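J.: Handing you this structure, nothing more for now.
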Amino acid sequence: MTTQPQGPSQSEEKIGVYVCHCGSNIAGTVDVAEVREWAGQRLAGRGVTVARDYKFMCSSLGQELIEKDIKEQGLSRVVVAACSPHLHEGTFRTACGRAGLNPYLCELVSIREQVSWVHTDKHAATDKAKAVVSGGVERVRHHVPLVPLRVAIHPDTLVVGGGIAGIQAALELADAGKKVYLVERDPSIGGHMAQFDKTFPTLDCAACILTPRMVSAGNHPNITLLTWSEVTEVHGYVGNFTVKIRQRARHVKTELCTGCGICQEKCPKKVIDDVYEAGLGYRKAVYTPFPQAVPKYPVIDVENCTYFRKGTCRACEKLCPTGAIDFAQKDEVLTVQVGNIILATGYDLFDPQRVTQYGYGRLANVFTSLEFERLTNAAGPTNGAIVLRDGKTVPKSVGIIHCVGSRDRNFNNYCSAICCMQSLKFAHLVKERTGATVYNFYIDIRTTAKAYDEFYQRVLEEGTLFVRGRVAEVTDAARLPGEEGKLILQVEDTLAGKQRRIPVDKVVLSAGLQPRADAKATAQVFGLSCSADGWFIEKHPKLDPVATMTEGVFIAGCVSGPKDIPASVAQGSAAAARVLSTIDKGEITLEPVRASINATQCSGCRICNTLCPFGAISFLEADRVSEVNPALCQGCGTCVAACPAGAISGTGFSNDQVLSQIEGLLMLNVAYA
Amino acid sequence: MTQYLFYPGCAMESSARAYAASLASVAKTLDLDLAEVKDWNCCGATEYLGINLIPAYALIGRNLALAAQQAKQQNGAGAHTLVASCSACYLNLAKADHYMAERPVLGDRVNEALAAGGLGYKPGTLKIRHLLDVLINDIGLDKVREKVTRPLHGLRVAPYLGCMVPRPDYDKRWSDYEQPDELDRLLRALGAEVIDFPLKSECCGGHMPQISPNTAFELIRRLLQGADQYKADLIVTVCPMCQMNLDAYQDETNRHFHTHYRLPTVFFTQVMGLAFGADPEALGFGSEIVDARPALGRIQTTPVASGPVGARPRAKAEGLPMPGRRPEERER
């Protein structure tokens, strides 16, 4: 049986086929000359009027080949057989555009990623390349000229999360003269960095470098700081987001409060501070988390405040010199318009109680890394004294366990990136302040960034002991003389090749980083996707690390995976730069790859409404049909596949285009055999 | 009332008669209906699986087949649950059920062997559970608390679960592999002071006393030292083998290491019976080698002062706060 190619009549289109060698990337496995010759002869009947091969189609000379043919031979369609469209679709479309052909009449088919790189048999690979080219030719015949969408950009930006990444992004934008809403869930901005004492590898004081930035963000005329607030709803699309922010009642009138701190001093209710002090210290029921908090205004913790629980006390109200306490304050919902959103919501510390064999929560002198940060902090619960849980005994030996909850099949497979350097920093601080013997229990030492390995060398020279091996157990069950009253680390020393029992006074667990407990809910609010681990997914892990698949929503810092401070700051700046470029253009160009619904075929079943991951489809009650908002639609095709009536078609992925491409692919063994 | 099929195992009729007697008493108090599997045989304990796999599984499989048959006849609501009191029996039964399903060839071979006696077992037919699991999760601690007439105030007990109950935990029934807290909670419900026994799921040596006594003595010594470190009056166990090793080999272990431990080791059902007001003699107290009766003298009539219930544990008033427990633990 012979299948005749279907489609528009044979004489209509003039198609140029260009086969790229990509050096030896393609030509090493595919006989490109044969593909070119075959396409020129056998596909002539399908409209191919010119076929060429070239060493690098993406080079200027390669692009000029196409442009010249369009002008001189009047090509109406172009097929380039080269690499993945992810890489050079834009290049060849632009080349066509320069020669006066609508860019969307160009089709890039991949014979590198999908052919030469995955095959070794040259003959078979060449045949497959021919099939792929044939598919492209059939497909391109159904292409239609398209015009990119243009959307106006609102110049204001929403930054969610007031850690160092969010602060950086907000300051960059504000300094460039753009208005920013900086939303933070806690009473103060500062994030995890505000909890630290020293930062590696330079050992400069975290607060000293962070607080000036916090103050700038707090005072900046272009930044509207919304602390004790959360984003509840996001509607709209790139350039035109409408955001609802719930501002929780502080129960303190900020216009009257001077930040004098008398309320905190007089409040009789002491509460364990699980956030800022990592559970190791106390705060009052009315509090600012730390002295340098921005803004300076305290909040009343309604769950613990005696007045809210029992209706009595009111000590803060009575003693406030400016009468700023207001128990009647209610939550407020703010609605703001922004053009872009930067998410910098950070991370949670892995809960080491899940690793029961390390005894955290059971054995008093096992600490988490964040607890230890607070211990070493001069403003922390012990004023920087490194002591045991009893609050006074200085340890004579300390064991630091790396990779707790990271690189572990039972918990998180990934490396948390910061723990090696953090553990080295801890080792240094313990040595410096107590002179104790310090053991680091590690799997691998990963000190990859600038000046990190030098710091490792320094800690080695200071006499910290390193034991390579994952600790099996931390126990207080003494077995040998000298172990009584100690914590014993049972570990296989993989360099010495033997089991060791090392008794110490104190154990620090370098717990890994993990996504925020509510990361999935946040992703839903902002229309983003999470990886299996729960980190937000970048548009491209290497080449577009701060953009997301949702236009106008950017990510910075640990929200997309574990990062240290320099990397988080760099991402904050990068996200701001991306936003600035769209604001300054005034409008944004969007790929016209969009779904559209044929209203006459739509049954109004609304299946597509809930499936759309971008919330782009709404139901028109009056007409009983669904409609796609082209600015929101990202062209993913979910609705196209799901529509039971076949009423939805994706621009650039119409049934005609996809089916004829398949037909073209299959013709090799039938029509051209 | 739910009826459970019960597989007692050999030890209950010999070395662990105190377990059998106290279980009978406790079961009566708690209305726990245990129907013994008729014509059961030895489970093969720890050794047989190490020698010859198919006959070993067939030996266990026969018990499963008999139990399943009996379950079918009785057809009660809970009759598909097979309860074992001995940890080794529990693990062997669970293991056979699990591997007969996971490795169909093994399942077929075992069934071939069983067919010679006119029996057969389809893996998954029975839910195999340990007695402690049933007491905690089916009977419940509220009912246990209700029945306590003589709380064990002042008695410091080391909860010792042994290695075979929480691992490998095919059905995810236990709170943790390393530090399961089920026995702690039960003993606390009886009013006893429960020490945070770090070795609660360590090995007692199993049958090592017969094969390699020195290895066994070291394992026993560690457990005794651990319980002694926390000044426990009593080690409470759920397994006849653990009880036997800690009790019967304690003197020899002391001789071997020149130590002087005297830690009575009893079954959890014995201390339950005690709290329920039963006569200690009838519960088998006195049959152990390291006499537990002097320890029982420490039971006081009034509760020993301790921190407020549910309060966050503090290391010391002036010290740093301890981390909060996991939410799921807090609920309990």
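J.: Can you pull out every residue in region B:111-152 that is outside any loop (DSSP other than H, G, I, E, B), within 20 Å of B:GLN270 (Cα to Cα) and aliphatic (A, V, I, L, M)?
T.: Selection gives B:LEU131, B:LEU132, B:VAL134, B:LEU135, B:ILE136, B:ILE139, B:LEU141, B:VAL144.
J.: Return the only residue of A:ILE111, A:ILE26 being closer than 25 Å to A:GLU591 by Cβ and buried (at least 20 other Cβ atoms within 10 Å of the Cβ). Break it down stepwise before answering.
T.: Details: A:ILE26 fails: closer than 25 Å to A:GLU591 by Cβ.
Unique residue meeting the criteria: A:ILE111.
J.: Restrict the check to region A:335-344 and report whether at least one residue is buried (at least 20 other Cβ atoms within 10 Å of the Cβ), within 14 Å of chain B (Cβ to nearest Cβ) and either small (Gly, Ala, Ser) or part of a helix (DSSP H, G or I) (or both). I'd like the intermediate steps shown before the answer.
T.: Quick first cut of region A:335-344, residues buried (at least 20 other Cβ atoms within 10 Å of the Cβ) only: A:338-344.
When the remaining residues are screened for being within 14 Å of chain B (Cβ to nearest Cβ), the result is none.
No: region A:335-344 contains no residue that is buried (at least 20 other Cβ atoms within 10 Å of the Cβ), within 14 Å of chain B (Cβ to nearest Cβ) and either small (Gly, Ala, Ser) or part of a helix (DSSP H, G or I) (or both).
J.: Which residue, of A:THR211, A:THR232, is within 18 Å of A:GLY572 (Cα to Cα), within 26 Å of the chain's Cα centre (by Cα) and either polar (S, T, N, Q) or part of a strand (DSSP E or B) (or both)? Steps first, answer last, please.
T.: Working: A:THR232 fails: within 18 Å of A:GLY572 (Cα to Cα).
So the residue among A:THR211, A:THR232 that is within 18 Å of A:GLY572 (Cα to Cα), within 26 Å of the chain's Cα centre (by Cα) and either polar (S, T, N, Q) or part of a strand (DSSP E or B) (or both) is A:THR211.
J.: Would region A:649-672 turn up any residue that is in contact with a helix residue (DSSP H, G or I) (Cβ under 8 Å, 6 or more places away or on another chain), hydroxyl-bearing (Ser, Thr, Tyr) and part of a loop (DSSP other than H, G, I, E, B)?
T.: yes
J.: Further question: Every residue in region A:381-404 that is more than 14 Å from chain B (Cβ to nearest Cβ) and among the small types (Gly, Ala, Ser), please.
T.: Of everything in region A:381-404, those that are more than 14 Å from chain B (Cβ to nearest Cβ) and among the small types (Gly, Ala, Ser) turn out to be A:SER397, A:GLY399.
J.: Give me the residue from region A:360-380 that is part of a loop (DSSP other than H, G, I, E, B) and within 12 Å of another protein chain (Cβ to nearest Cβ) and, out of that set, surrounded by the fewest Cβ atoms within 10 Å (Cβ to Cβ).
T.: The selected residue is A:ARG362.
J.: Just one of the numbered conditions (1) exposed (fewer than 15 other Cβ atoms within 10 Å of the Cβ); (2) in a loop (DSSP other than H, G, I, E, B) is not true of A:GLY45; which one?
T.: Every condition holds for A:GLY45 apart from (2).
J.: Another question, then. Hey, among the residues in region A:520-533 that are buried (at least 16 other Cβ atoms within 10 Å of the Cβ) and of a type in the set (Gly, Ala, Ser), which one's modelled with the highest pLDDT?
T.: A:ALA523
J.: To continue, here is another question. Restricting the search to region A:235-287, which residues are on the phi > 0 side of the Ramachandran plot and either within 27 Å of the chain's Cα centre (by Cα) or within 14 Å of chain B (Cβ to nearest Cβ) (or both)? Walk me through how you get there before you give the answer.
T.: Restricting attention to region A:235-287, the residues satisfying the condition of being on the phi > 0 side of the Ramachandran plot are A:236, A:239, A:251, A:259, A:261, A:278-279.
Of everything in region A:235-287, those that are on the phi > 0 side of the Ramachandran plot and either within 27 Å of the chain's Cα centre (by Cα) or within 14 Å of chain B (Cβ to nearest Cβ) (or both) turn out to be A:GLY236, A:GLY239, A:ALA278, A:GLY279.
J.: If the requirement is being over 27 Å from A:ARG374 (Cα atoms) and modelled with pLDDT of 95 or more, which of these qualifies: A:ARG500, A:ARG458, A:ARG516, A:ARG479? Even if it seems obvious, please write down each step before you answer.
T.: Values: A:ARG458 fails: over 27 Å from A:ARG374 (Cα atoms); A:ARG516 fails: over 27 Å from A:ARG374 (Cα atoms); A:ARG479 fails: modelled with pLDDT of 95 or more.
Going through A:ARG500, A:ARG458, A:ARG516, A:ARG479 in turn, just one is over 27 Å from A:ARG374 (Cα atoms) and modelled with pLDDT of 95 or more: A:ARG500.
J.: Hey, can you tell me all the residues within region B:201-231 that are touching a helix residue (DSSP H, G or I) at 6+ places or on another chain (Cβ under 7 Å), in a loop (DSSP other than H, G, I, E, B) and charged (D, E, K, R)?
T.: The answer is B:GLU202, and nothing else.
J.: Name the single residue that is modelled with the highest pLDDT among those in region A:235-250 being of a type outside the set (D, E, K, R) and part of a loop (DSSP other than H, G, I, E, B).
T.: Top of the filtered list is A:ALA249.
J.: Would you tally the residues in region A:398-426 being within 21 Å of A:GLU492 (Cα to Cα) and in a helix (DSSP H, G or I)?
T.: The number of residues fulfilling the criteria is 4.
J.: Right, here's the next one. Which members of region B:282-319 meet the condition of being at pLDDT 90 or above and either within 14 Å of chain A (Cβ to nearest Cβ) or part of a helix (DSSP H, G or I) (or both)?
T.: B:ARG293, B:PRO294, B:ALA295, B:LEU296
J.: With the structure loaded, tell me whether B:ARG173 is surrounded by fewer than 22 Cβ atoms within 10 Å (Cβ to Cβ), in a helix (DSSP H, G or I) and either at pLDDT 90 or above or within 11 Å of another protein chain (Cβ to nearest Cβ) (or both) or whether it fails that test.
T.: It is false that B:ARG173 is surrounded by fewer than 22 Cβ atoms within 10 Å (Cβ to Cβ), in a helix (DSSP H, G or I) and either at pLDDT 90 or above or within 11 Å of another protein chain (Cβ to nearest Cβ) (or both).
J.: Within region A:296-330, restricting attention to residues that are more than 41 Å from the chain's Cα centre (by Cα) and polar (S, T, N, Q), which residue is surrounded by the fewest Cβ atoms within 10 Å (Cβ to Cβ)?
T.: In this case the residue turns out to be A:THR312.
The values are calculated or read from the model by the stated rules, or taken from the named source; none is laboratory data. Only a predicted model underlies this, so the values are computations on that prediction, with no experimental measurement involved. Here Cβ is always computed from backbone atoms with ideal geometry, including for glycine, and neighbour counts include all displayed protein chains.
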